[in-house]
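The next block holds one structure in the form of structure tokens; read it before the comments.
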Amino acid sequence: MGRHQTNPVKNLFFTYDINKNESVCTIEGCRRPVLKGNASHNLETHIRTTHPDEAIMLDEAKEDLKKTKFKTGVKRLNNDGNNSCSSKVRINIYFLDI
């Protein structure tokens with residue numbers, strides 16, 4: 001399992017072909033629609049330099065993502081409910097409004 005993706009640029013503006021290792025810009029009329037790789041910073045730079053109107057939408061999506069960030073905590077409990085290692089695991093999820 002990899003890292004959680006936090007940059008929405010990939011889902012909003014690109015389709016990725018894993019066999020060719022290419023990302024294709026889905027914005028109509030893009031003068032350079034094919035980019036090598038899947039690095040979110042490179043894709044974001046493409047949007048900011050080539051499509052400045054869509055960059056505003058990207059900024060809004062990133063702000064919305066910050067508001068819905070969450071933190072998880074894992075506590076191990078023994079049969080008595082005390083904190084120590086055992087087979088029982090309780091996962092707490094905390095939602096943060098930033």
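The values are calculated or read from the model by the stated rules, or taken from the named source; none is laboratory data. Note that this is a predicted model, so its numbers are computed, not measured. When we count neighbours, we look across all protein chains shown, and the Cβ atoms used for this are built from the backbone with ideal geometry, even at glycine. Please note that ligands, DNA and RNA were not included when accessible areas were found on the heavy atoms of the full protein model with its side chains. Shrake-Rupley method; radii C 1.70, N 1.55, O 1.52, S 1.80 Å.
Taking 25 Å as the limit for the C-alpha separation, the pairs K10/K36; K36/K62; K20/K66; K20/K62 exceed it in the case of K20/K66; K20/K62.
Among the trypsin sites (Lys or Arg not before Pro) within the range 15-46, those in coil by DSSP and having at most 16 neighbouring Cβ atoms inside 10 Å are K20, R31. Here the Karplus curve 6.51 cos²θ - 1.76 cosθ + 1.60, taken at θ = phi - 60°, turns the phi angles of the range 40-49 into couplings of 5, 5, 5, 5, 5, 4, 4, 5, 5, 8 Hz, with x standing for Gly and Pro. Once the 1.4 Å probe is applied to the protein heavy atoms, the range 1-60 comes out at 72 Å² accessible per residue. Each residue of the range 30-36 was assigned a 3J(HN,Hα) from its phi angle through the Karplus expression (A = 6.51, B = -1.76, C = 1.60, θ = phi - 60°), giving 5, 7, 9, x, 9, 10, 6 Hz with x at Gly and Pro. The gain in end-to-end length when the A55 to V34 segment is fully stretched comes to 5.8 nm, 0.36 nm per residue minus the alpha carbon separation.
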